[in-house]
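Reviewing the structure listed below.
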Amino acid sequence: MIDKLSYDDILLISQELKKESDIVKELASKRNLKEIEDFATTVEGYSKFLENTVSINKDADEAIEGLKELLK
């Protein structure tokens, strides 16, 4: 969990951002709207950032649990 969102919630948001950014990039490309394409690429990058954040936090949770076991 990150703040008040579960990891699954964050991953769903990430997937939706990726899907929508792909749609925007395709539409912008057809109309030669480079700035919009760049924006959609930035949104896609943020989507990947969210995925990586979840992965790192899950790894940290596992490491903390391992340390708790060692301290028992």
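Read the figures in this text as sums done on the coordinates, not as results from a lab. Predicted model only: the values in this text are computed from it and were never measured. Virtual Cβ from ideal backbone geometry, glycine too; neighbours counted across all protein chains shown.
Read phi for every residue in segment 31-38 and hand back ³J(HN,Hα) as whole Hz from Karplus 6.51 cos²θ - 1.76 cosθ + 1.60, θ = phi - 60°, with x for Gly and Pro.
With the stated coefficients, segment 31-38 comes to 9, 6, 9, 4, 5, 5, 4, 4 Hz.
With an 8 Å cut-off on Cα pairs and a minimum separation of 6 or more residues, tell me the relative contact order of the chain in percent.
35 percent
Give me the dipole magnitude in Debye, nearest 20, for the chain about the Cα centre, with unit charges on the beta carbon: positive for Lys and Arg, negative for Asp and Glu.
Magnitude of the dipole: close to 180 debye.
For the pair residue 69 and residue 53, how long in nm is the line joining their label points, each one 7 Å along Cα→Cβ?
A separation of 2.9 nm, rounded to one decimal place.
Putting +1 on Lys and Arg Cβ atoms and -1 on Asp and Glu Cβ atoms, find which of 23, 70, 2 reaches farthest to the positive end of the dipole of the chain.
So the residue we want is 23.
By how many degrees, between 0 and 90 and to the nearest 10, does the Cα long axis of helix 7-30 differ from the longest principal axis of the chain?
The angle comes out at about 20 degrees.
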